[in-house]
Amino acid sequence: MTSPDTATKRPETGPLSHLGRIIAIASGKGGVGKSTVTANLAVTLAQRGLRVGLVDADLYGPSIPGMLGIATDVPPVMSPEGKVIPAEAHGVKVMSMAMLTGDDNPAILRGPMVTKYLQMFIAQVQWGELDVLLLDLPPGTGDTQLTLAQSFPLTGAVVVSTPQDVSLKIARRGLRMLEKVNVPILGIVENMSGFTCPSCSEVTHIFHQGGGKEIAATLGVPYLGAIPLDPAIVDSGDNGVPLAIAAPDCPAAGAYAMIADALTADLAQPSGIQIPFDWHLDAGTGKPAPVAAAPQAATDRPLALDYDATGLTIRWADRTQTIDPRELRLACSCAACRDEISGKQLLNPASVPLDVMPTRIWSVGNYALGIAFSDGHSSGIYPLTMLRRIESAEAEDV
């Protein structure tokens, strides 16, 4: 069993450090049982004495309150500080769109409102001190996934699939999307792995067998385990009491326990400067503190940032890179500076002052830096992988 001391390792500083580890539960397609897995993992972690929060980030199809037996006919109340007080069930604190709209009213939202609600569900809820915050994502690779990856320092993601070939292929796409935004993949869960006959105990693999383990091995990510089909999973979810509580001795509950242990046993925060940060260069505030390179540290996370007359200096685990401020400005790939379809540069280099300089640098999730400049441009997002490739940068081996 995981000890609370091991499982609660968290960032020591930062505005979201009270949330502990932020773990997204994702899937490439719907119907694979991702929300059921999330609800059971949440209560399993709470049974181990951990302080657990759960955000139902599927704004259009929220299902977590029903699975945990949380009433949605009364809206949540606000704290004196103006934050939403989450519901609580089975030792888990919960925030969901269903608690704002009720069971029968649809959430009709455009993209910007989706972003607003997601940010509110995480940053404007009175969570208190948590050890783990689970995010139950909607299926796919759309706005919700990008918003969370860009706005919050996710510890990592778990991808849920079924053994079907089509589900596994789509899960692979979801994994690649998460990798592109620098979200660590904590592992793959194969749900609905096999059906055990309650009369003869014979296991029938309805959706094939072993596909999740094979993809995990192919992609080089952990395989967290397989959860068998069990009618009791559906019944317990419909009754508002997850299987991990209703039938703790059944094989499926044992699988949830093994996955929960794997997620909280040896997780470490990604190496590199502490995120989130918001560095105002003109005011000299918010500069992230440098960190030492850990053994075998990943090379795609900055260890230190600095700025002087020579430009922006980034220290990586394998080298130190200094980028001229004007070259940095010209490299911006936002929609105002570069055509999103053709990749053609729209920014006229002659319009960029020779003495342009960054005025503010901030973290964008785990994967990029946002940079504002003295010429008034502030919509540039620079992926860390792109920064490492800027040709004009001078670099030397560390």
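What length, rounded to one decimal in nm, is gained on full extension from residue 360 through to residue 375, with 0.36 nm per residue of separation minus their alpha-carbon distance? Can you show the working numbers first?
Values: separation 15, 0.36 × 15 = 5.40 nm, distance 1.20 nm.
Here the segment from residue 360 to residue 375 would lengthen by 4.2 nm.
Hey, quick one: spin label on residue 176, modelled 7 Å out along Cα-Cβ, who in region 220-251 has an amide N within reach, i.e. under 19 Å?
Of the residues in region 220-251, 220-222 have backbone N under 19 Å from the label point off residue 176.
Compute the length gained on full extension between residue 341 and residue 234: take 0.36 nm times their separation in residues and subtract their Cα-Cα distance, giving the result in nm to one decimal.
On the way: separation 107, 0.36 × 107 = 38.52 nm, distance 4.46 nm.
Stretched out fully, the residue 341 to residue 234 stretch lengthens by 34.1 nm.
Using 7 Å Cα-to-Cβ label points, what is the residue 385/residue 334 separation (nm, one decimal)?
Modelled inter-label distance: 2.2 nm.
Take residue 60 and residue 17, extend 7 Å from each Cα along the Cα→Cβ direction, and tell me the distance between the two endpoints in nm.
3.8 nm
In nm, give the distance between the simple-model label positions of residue 204 and residue 88, each being 7 Å from the Cα along the Cα-to-Cβ direction.
4.4 nm
Using r as the Cβ-Cβ distance of residue 126 and residue 265, and R0 as 25 Å, what FRET efficiency do you calculate, to the nearest 0.05? Present the calculation step by step, with values, prior to reporting the outcome.
Details: r = 29 Å, r/R0 = 1.17.
In this case the efficiency is close to 0.30.
I need the calculated FRET efficiency for the pair residue 289 and residue 310, taking r as the beta carbon distance and R₀ as 30 Å, to the nearest 0.05.
Details: r = 21 Å, r/R0 = 0.71.
The pair residue 289/residue 310 has a calculated efficiency of 0.90.
Taking the alpha-carbon set of region 60-101, what are its Rg and Dmax in Å?
Final numbers for Rg and Dmax: 10.3, 30 Å.
I need the trypsin sites (Lys or Arg not before Pro) found in region 302-398, filtered to DSSP loop residues with at most 14 other beta carbons within 10 Å of theirs. Spell out each step's value before the answer.
Values: sites: 315, 319, 326, 329, 338, 344, 360, 388, 389; in loops: 344.
Those that pass, being in a loop and sparsely packed, are 344.
Mind scanning 180/344; 180/287; 213/344 and naming the pairs with a C-alpha gap bigger than 31 Å? Mind dumping the intermediate values first?
Details: 180/344 22 Å; 180/287 25 Å; 213/344 42 Å.
Checking Cα-Cα distances, 213/344 exceed 31 Å.
What FRET efficiency comes out for residue 280 versus residue 77 if R0 is 41 angstrom and r is the Cβ-Cβ distance? Round to the nearest 0.05.
The value I calculate is 0.70.
Every number here is computed from the coordinates shown, using simple stated rules; none is lab data. Because the structure is a prediction, the values reported are computed rather than measured. Virtual Cβ from ideal backbone geometry, glycine too; neighbours counted across all protein chains shown.
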